[in-house]
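Colleague: Sharing a structure here in structure tokens format.
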Amino acid sequence: MPERGARLLPLPGARVARVLDPGPAVEPGPADPARLSRLEALRAVRATPRGLTEAQAEDRLAEHGENVVLPLPEPGTARRLRAAFGDPFTALLVGLAVICALTGSIGSAAIVGLLVLGACLLRLHGERRSAAALRALRALAPSTATVLRRAGQSELPIAREVPAEQLVPGDVVKLAGGDAVPADLRLLRAQGLLVDQSVLTGESTPVPRAALDLPPAQPPGGPFDEPQLCFAGSTVVTGGATAVVLATGAATRFGAAHLPGPAGDHGPSVVERGVRRAVLGLIAFMLAVVPLTIGTDTLLHGWTGSLLPFAVAAAVGLTPELLPLVVSTVLAGGGHRLAKDGMPVRALPSVSELGALDLLCLDKTGTLTTGELAVVGALDPFGRPDQEPLRWAAVVGEAALLDGDPGLLDPLDEVLLTAADAAGLLEDAPPVVLEVIPFDPVRRRSGAVLREPGGRALVLKGAPEALLERCTTLAGGAALDQRARAALDRLVEERTGQGLRLIAVARTEREPRLGPHRVAEEDGLTLLGFVELLDEPEDSAEAALALLRGSGVALTVLTGDHPSTALRLARRLGLAPPRVVLGAELAALDPAAVAAAGASGAVFARCTPEQKAQVVRALRAAGHCVGFLGDGVNDVPALRAADLGIATAGAVGAAREWADLLLGGRDLALLGRAVAVGREATVRVAAYLRIALSCNLGNVLSMLAGAVLLPFLPMQPVQVLLQNLCFDAAQLSFAVSGRSAGPGARPARLRWGALAGFALAFGLLNSFSDIAMFEAMRGVTGGFTAPSSEAMFHTAWFTENLVTQAMALPVLYRLSRTRLRPPRPVWCAALLLAVVGLLLPPSGLGERLGFEELPTAAYGSLALVVAGYAVLLGAGRWLWWRFSERAEQRAAATTAAAAA
């Protein structure tokens, strides 16, 4: 039977028969089922109120696919290996290994090949471990739905639980309080249905839904406002319903936001971009310097067979072979630490994005707030504090509690009852309830009829604009004239402008009579006042945001909620937004203006999902490393568009699937720890690149100078490779994770311009000390005329190189005033490298490698050169500090001016 008051559209007999028994598949017409009556909607999806048969459900599952909307399939082992070996730097190393093998340097080729293989396997292991952690999290949240299915056409339907993935269009499902809406649904029956759509719209207030037979004639204002529809991603708060599935998976109203597309193309990570630029710079430098070295030496000393192996050794020496291994080890270590803290990352490069993060966009509802309303006050009609409105609003809630199922109590009534009980307003005996007036989505109010001595009392609560038009007097007996109405409108506007939600409360007395409540009796009410409610922020939000701001991360709020509500929350959490930008205003702003507003901390309110993504893309285009923290389906486009998508612990499945980082708890302070891990990893990679590039560049420049200044090769090819291997082994200490120093004061980014400038400056410094050693050895060997002058020179330069590189390891490790002490493994590696440089040449192995014992005078000259290098190194580091600080101050001033 239809609901009382429902209006059924007359259908011809054939149409009714088709609805009751859809028979063979019929292509649906062009009409949108969302705009049809209930029976027409059933017909459009070829369904009946009794549900589908098992055979029909299987056929439709094969036709439409599973009811899931997931990102691109998780890459397999082969795809991960192709990605690892396809890295430009890895390709460069493979090319060098092939050249070494072709020129007879089998040992060098084997060493480089093993380094490449180790780095790729380590990266593969780290990503597989992160993927396993993500799968474990997904397995914790199974999803089912209650569906009506029949064994055959003549059988009765049976309600049973099935995995939500197996729902198909035409299924008839049942909803109850607490259920997740598994697909886009058209309501057939509904009783007291309230749905939480915050993950879709950003609005924290549940919305009523009713099984209207015909949709409203006036089109809804938003994409999720149709009262007869429920959408995938929302949750039933109270009530129950029976509904037919209109769309599943990617065909749902919000399914398009999950599909692969341009919005989800993050591009290479910060570390990957820095490494690629370094590779291109190295290749260009190598193509210029190595042929120049060979040509110069050939012109001065003639061609020899050892020149080609020496050139290959020089090319290997210029290349930081351990870069893939160090990067993979550091990022895998960071990913492991995050996973242990309950924050798994989808891919290792996301660790470096955490380190470079300089702007974080925040969703409001369910992310910064609990998503639950709380009573913060009550006012009389004149704006003065008064508990009477709260008491009578709680009486209505108590009437609903006494009359119905406690499990179906409206959350708003529960909040009112809790607040009134805490204030001691419910100490009297409960009222005698004659009738409960459920919430009406059209009249936007609910209430109760109570028995009182001498008659009945009608108490109503609801939206202020809906109740005020029914009121004629104010509490205390004053008439509600035009002037009083204007004052009330100003009061409501002022309080809602502060981000509060108001519930108006009114009552009247009526003569006793038989029969149910009539709507006409709701005229002539007395306004008692208002109850003020607020969406409470997360307990950890304020401290977590303060930590991020102190770490140099700018914050901006992107929400679909009311601008006043968003602004009030931002200020309560310690943010100081200079302005509010409405989603409707974004179309008139160019990307630069949007980015400037976001960088200044503006609040973006009333934003659609695509507008959130638009803001994120504008910020990325302005050069920011942008993160987005969200939890709802409406956050998916922004999660995909950001450099780093972060999902909270309570995020819906779609948000978890698209996020790069999952927070394992409600404590937002986890973000600060994640940023600290990311910055620590990025700093380690940057330290390796600084030292490796500067020292290697210095060595190559010295080799070029030696080709001009020396009558022989500066070093034998095997000695070059041995020196490079020792230095690379020492730099493995950068991959050893030490204790984190916290997030630091600013993001850590691999800026190729700064890296190249550093490598050039300190490479020239290193080369200068090498040339000083050349001249010192010229004096020791009598102008290189002694019989063993070549072997002594090779020995001296090998020793000087390893000792000076050992000094550079701890001195240049961290160019920051906040933490100068490198981790202990770096100090140990530096000491061991210096010991190898001093003790290896005079050993028996050194003799086999072409080294020779140095005279005492050579050690004296070597000590002077090393001491001079130490002085220049310290002075260079101080100058670099000053230069970097001034550059950062200029950049900060420029950013502030642009934001202003």
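The values are calculated or read from the model by the stated rules, or taken from the named source; none is laboratory data. On a predicted model such as this, the values are computed, not experimentally measured, just so you know. Cβ atoms come from the backbone with ideal geometry, glycine included; neighbour counts cover every protein chain shown. To get the accessible areas, we keep the full protein, side chains included, count just its heavy atoms, and leave off ligands, DNA and RNA. Shrake-Rupley method; radii C 1.70, N 1.55, O 1.52, S 1.80 Å.
Colleague: Pairs please, first residue from the stretch 423-444 and of a type in the set (D, E, K, R), second anywhere and at pLDDT below 75 and surrounded by 16 or more Cβ atoms within 10 Å (Cβ to Cβ), Cβ atoms under 7 Å, 6+ apart in sequence or on different chains.
Modeller: Close Cβ pairs (under 7 Å, with a partner that is at pLDDT below 75 and surrounded by 16 or more Cβ atoms within 10 Å (Cβ to Cβ)) amount to Glu435/His517.
Colleague: Considering the stretch 525-551 alone, what residues qualify as being open to solvent by less than 10 Å² (accessible area, probe 1.4 Å) and part of a loop (DSSP other than H, G, I, E, B)?
Modeller: Hit for the stretch 525-551 is Ser551, nothing else.
Colleague: Sticking with this one: Suppose we keep only residues that are buried (at least 21 other Cβ atoms within 10 Å of the Cβ) and modelled with pLDDT under 85 within the stretch 356-370. Which one would you say is nearest to Leu558 (Cα to Cα)?
Modeller: Lys364
Colleague: Any residue at all in the stretch 797-811 that is at pLDDT below 90, assigned to a loop (DSSP other than H, G, I, E, B), within 25 Å of Val700 (Cβ to Cβ) and open to solvent by less than 30 Å² (accessible area, probe 1.4 Å)?
Modeller: No, the stretch 797-811 contains no residue that is at pLDDT below 90, assigned to a loop (DSSP other than H, G, I, E, B), within 25 Å of Val700 (Cβ to Cβ) and open to solvent by less than 30 Å² (accessible area, probe 1.4 Å).
Colleague: Scan the stretch 552-564 and report the pairs whose first residue is in a loop (DSSP other than H, G, I, E, B) and whose second residue is of a type in the set (Asp, Glu), with Cβ atoms within less than 8 Å and a gap of 6+ or a chain change.
Modeller: Once the first residue is in a loop (DSSP other than H, G, I, E, B) and sits in the stretch 552-564, its partners that are of a type in the set (Asp, Glu) give Gly552/Asp358; Val553/Asp358; Thr559/Asp363; Gly560/Glu203; Asp561/Glu203.
Colleague: Could we say that Arg882 is at pLDDT below 85 and open to solvent by 40 Å² or more (accessible area, probe 1.4 Å) here?
Modeller: yes
Colleague: Next up: Do you know which residues across the stretch 506-518 are within 53 Å of the chain's Cα centre (by Cα) and within 21 Å of Gly397 (Cβ to Cβ)?
Modeller: Ala506, Arg507, Thr508, His517
Colleague: Of all residues in the stretch 600-625, which are touching a strand residue (DSSP E or B) at 6+ places or on another chain (Cβ under 6 Å) and not β-branched (Val, Ile, Thr)?
Modeller: Hits for the stretch 600-625 are Gly601, Ala602, Phe604, Ala605, Arg606, Cys607, Lys612, Leu619, Arg620, His624.
Colleague: Still on this structure, I have one more. Does Val557 meet the test of being surrounded by 19 or more Cβ atoms within 10 Å (Cβ to Cβ), out of contact with any His (no Cβ under 6 Å at 6 or more places or on another chain) and closer than 30 Å to Arg679 by Cα?
Modeller: yes
Colleague: Can Leu689 be described as modelled with pLDDT of 80 or more, closer than 30 Å to Gly550 by Cβ and open to solvent by less than 50 Å² (accessible area, probe 1.4 Å)?
Modeller: yes
Conditions tested, residue by residue: (1) modelled with pLDDT under 65; (2) part of a loop (DSSP other than H, G, I, E, B); (3) loosely packed, with under 15 Cβ neighbours inside 10 Å.
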position: Ala62; (1), (2), (3): no, no, yes
position: Asn67; (1), (2), (3): no, yes, no
position: Leu92; (1), (2), (3): no, no, no
position: Cys120; (1), (2), (3): no, no, no
position: Gly126; (1), (2), (3): yes, no, no
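Colleague: Now for a separate question. List every residue pair whose Cβ atoms sit under 7 Å apart, with the two residues 6 or more apart in sequence or on different chains, where the first one lies in the stretch 821-832 and is farther than 12 Å from Cys726 by Cα and the second, anywhere, is open to solvent by 50 Å² or more (accessible area, probe 1.4 Å).
Modeller: Within 7 Å, the pairs are Pro823/Val736; Pro825/Val736.
Colleague: Determine, yes or no, whether Pro324 is at pLDDT below 80 and either within 30 Å of Gly664 (Cβ to Cβ) or crowded, with 24+ Cβ neighbours inside 10 Å (or both).
Modeller: yes
Colleague: With the checklist (1) farther than 30 Å from Ala110 by Cα; (2) not in a loop (DSSP other than H, G, I, E, B) in hand, flag the one item Ala729 doesn't pass.
Modeller: (1)
Colleague: On to the next question. Only one of these is at pLDDT 70 or above, over 30 Å from Val168 (Cβ atoms) and not basic (Lys, Arg): Val270, Val237, Val245, Val290. Name it.
Modeller: Val290 is the lone residue from the list that is at pLDDT 70 or above, over 30 Å from Val168 (Cβ atoms) and not basic (Lys, Arg).
Colleague: When the stretch 819-863 is examined, which residues are found to be of a type in the set (A, V, I, L, M), open to solvent by 50 Å² or more (accessible area, probe 1.4 Å) and within 53 Å of the chain's Cα centre (by Cα)?
Modeller: Hits for the stretch 819-863 are Leu820, Leu831, Leu832, Val835, Leu838, Leu839, Ala863.
Colleague: Okay, moving on. Can you tell me how many residues in the stretch 580-600 are open to solvent by 10 Å² or more (accessible area, probe 1.4 Å) and either among the charged types (D, E, K, R) or farther than 14 Å from Leu555 by Cα (or both)?
Modeller: Residues that pass the stated criteria total 10.
Colleague: Mind listing whichever residues of the stretch 613-645 are in contact with a Pro (Cβ under 9 Å, 6 or more places away or on another chain) and aromatic (Phe, Trp, Tyr)?
Modeller: None - no residue of the stretch 613-645 is in contact with a Pro (Cβ under 9 Å, 6 or more places away or on another chain) and aromatic (Phe, Trp, Tyr), so the list stays empty.
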